[in-house]
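The values are calculated or read from the model by the stated rules, or taken from the named source; none is laboratory data. Note that the coordinates shown come from a computational prediction; the quantities given were computed from them, not determined experimentally. Heads up, the Cβs are rebuilt from the backbone with ideal geometry, glycines too, and the neighbour counts pull from every protein chain shown.
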Amino acid sequence: MEQIMQTFNERRGDLWQALLQHLQISTLSLLIAMVIAIPLAIWVVKHQKISEFLLQLTGVLQTIPSLALLGLLIPLVGIGTVPAVIALVVYALLPIFQNTYLGLTEIDPALEEAADAFGMSRMKKLFKVELPLAMPTIISGIRTALVLIIGTATLAALIGAGGLGTFILLGIDRNNTSLILIGAIASGVLAIIMSSLIKWLENASIKTSVSVLVVIIALLGGGSVYNTYVNRTETVTIAGKLGSEPEILINMYKELIEQDDEHIKVTLKPNFGKTTFLYNALKNDQIDIYPEFSGTVLETLTKKPQQTSGLTANETYKKARKIMAQQDDIELLRPMKYNNSYALAVQDKFKKEHHLQKISDLNNVQSILNGGMTLEFIDRGDGLKGIKQKYGLDFPVKSMEPALRYQAINKDRINIVDAYSTDSELRQYHLSILKDDKHMFPTYQGAPMMTKDFAQKHPQVSKSLNKLAGKITEKEMQEMNYEVNVQEKAPATVAHQYLVSHHLLKEDD
């Protein structure tokens, strides 16, 4: 409990921001779903065949796995808030539509006849008789939809929409139970509070319900308008992939840019998502800069397969830079020194026991290998597929989240993992990297990536970021990752200390 409270105090500001993002996404999704589902249900009450079709359709939509739905939406609408809201609206349609329809169709026919006998018009009967009688059932559907939305909205963090899911993802990535609990508890409390508010509206008049909704919209929308008004200086948005290393780098970018140009305000989006998410966001101008790796460009981002084997670090960078410029008008700035290469790692004791030095030696112990690797590594040509082909290895592998695979090998549930050469967990869990003796893995040097249009309009930004070119060794990067992941220092603090100690930033007063 003490650890949770300490983490809460340290990240209180981030939590309120994530809570507001979560509330905005959830409320907007609920309102859109209500605007679609309630009128539609009212209309189909008199059309039984259509109502049955729509009930089946909304039911089918709700069975689509959330990650699959987000994956289908990304090519159409990009990443960020828009696909998250669309997905949440899809999931909210069924309970609202179904309960509205049931509430209206289960009204006592005698009451309908009485309303007709009084000569009420269709609209007057709807608002004076039908909706008030059906309101408890409708509100119940809205409550169900809201709880569903708030829970599912945690996945919005996977596509850069923010929210409380950022705490959960960050906690998983850094093996920090406190972060996971804070995100999960906050999401649960938010669901309870919002559900109670809607429960209160169950006995309120339609006019009161509409008034409350208008106030909520005004408050949430007003916050966005206010932030836009306050931040009238130019804003540069920098995003990073999941993990401590990208977060350290984007904090370095922020400090260097803001030091050299006081008219620019940098907004950071850490743990924004995986490679393709960030690249699509960059091309769609949803972000301005993110750190990428030369080898990843050639293996993942190029439209045509590229030969990376045998290339030097400089050749890899030049080839990646040229292809990005030709393919999508993307600028890849000069890289840093360290090579954050893919690698295969085993425990020190396993390496010593079986006399392992290089990847080729694994052929001698292939029958006892049991791997745990990230889904991205398993699917990449410069990952497990390449290892199997080039080294002739074939052993069982389970797909795991990055942090979980390290926990699994530490508990002897698996005995080999994929790794990055700068991972702090190599030191933390006493793991050794096996030498890539057949040079299967390409060079991975990190460099800032931006559109050419942005680079041309902001030459000072490029100049500031190029101060990191040729800097940061693998040992330094691994040490900084260790400070964040194990010693639990803030990435911004670690980034600042490096910049000051290497005279890239003015000394603290």
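Side notes on the structure shown:
- Contact annotation: no residue pair with Cβ atoms under 6 Å, 6 or more positions apart or on different chains, pairs a residue in segment 2-29 that is free of Cβ contacts under 8 Å to residues at least 40 places away in the same chain and under 15 Å from Leu170 (Cα atoms) with a partner that is in a helix (DSSP H, G or I) and not acidic (Asp, Glu).
- Wholly within segment 381-468, strands (runs of 3 or more DSSP E) carrying at least 1 residues that are under 20 Å from Asn340 (Cβ atoms): 416-420, 431-433, 446-451
- Taking (1) under 27 Å from Thr316 (Cβ atoms); (2) within 27 Å of the chain's Cα centre (by Cα) in turn, Ile433 satisfies each apart from (2).
- Residues located in segment 468-486, provided they are over 24 Å from the mean Cα position of the chain (by Cα) and more than 26 Å from Lys283 (Cβ to Cβ): Gly470, Lys471, Ile472, Thr473, Glu474, Lys475, Glu476, Glu479
- In a residue-by-residue description of segment 237-258, the property of being assigned to a loop (DSSP other than H, G, I, E, B), over 21 Å from Leu375 (Cβ atoms) and at pLDDT below 85 applies to no position.
- For Ile159, the test of being farther than 17 Å from Tyr91 by Cα, out of contact with any strand residue (DSSP E or B) (no Cβ under 7 Å at 6 or more places or on another chain) and at pLDDT 80 or above is failed.
- Every pair of residues 6+ apart whose Cβ atoms lie under 8 Å, when the first sits in segment 474-488 and is in a helix (DSSP H, G or I) while the second is exposed (fewer than 15 other Cβ atoms within 10 Å of the Cβ) and not aliphatic (A, V, I, L, M): Gln478/Arg427; Tyr482/Arg427
- Check on Ile198, modelled with pLDDT of 75 or more, in a helix (DSSP H, G or I) and either surrounded by fewer than 17 Cβ atoms within 10 Å (Cβ to Cβ) or assigned by TED's automatic domain parsing to the domain that holds Arg143 (or both): yes
- Candidate set: segment 295-340, residues that are within 23 Å of Thr473 (Cβ to Cβ) and hydroxyl-bearing (Ser, Thr, Tyr); chosen: the one modelled with the lowest pLDDT: Thr308
- Restricting Val89, Val82, Val77, Val60 to those that are more than 25 Å from Gly273 (Cα to Cα) and either in contact (Cβ under 8 Å) with a residue 60 or more places away in the chain or hydrophobic (A, V, I, L, M, F, W, C) (or both) reduces the list to Val60.
- Here the condition is being at pLDDT 85 or above, β-branched (Val, Ile, Thr) and within 30 Å of Asn485 (Cβ to Cβ); of Ile36, Ile25, Ile50, it holds for Ile25 alone.
- Taking (1) over 23 Å from the mean Cα position of the chain (by Cα); (2) surrounded by 15 or more Cβ atoms within 10 Å (Cβ to Cβ) in turn, Asp453 satisfies each apart from (2).
So that you can scan it fast, the table gives a plain yes or no per residue for (1) crowded, with 18+ Cβ neighbours inside 10 Å; (2) under 30 Å from Asn485 (Cα atoms); (3) basic (Lys, Arg):
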{"site": "Ala87", "(1), (2), (3)": "yes, no, no"}
{"site": "Thr100", "(1), (2), (3)": "yes, no, no"}
{"site": "Ala110", "(1), (2), (3)": "no, no, no"}
{"site": "Ser121", "(1), (2), (3)": "no, no, no"}
{"site": "Gly141", "(1), (2), (3)": "yes, no, no"}
{"site": "Ile149", "(1), (2), (3)": "yes, no, no"}
{"site": "Leu158", "(1), (2), (3)": "yes, yes, no"}
{"site": "Leu164", "(1), (2), (3)": "yes, yes, no"}
{"site": "Leu169", "(1), (2), (3)": "yes, yes, no"}
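- Being of a type in the set (Asp, Glu) and at pLDDT 80 or above holds for only one residue in Glu130, Glu112, and it is Glu130.
- Extreme residue, nearest to Thr63 (Cα to Cα), among residues of segment 77-134 that are more than 40 Å from the chain's Cα centre (by Cα) and among the hydroxyl-bearing types (Ser, Thr, Tyr): Thr105
- Residue that is farthest from Pro270 (Cα to Cα) [pool: residues in segment 29-54 that are surrounded by fewer than 20 Cβ atoms within 10 Å (Cβ to Cβ) and in contact with a Leu (Cβ under 8 Å, 6 or more places away or on another chain)]: Val45
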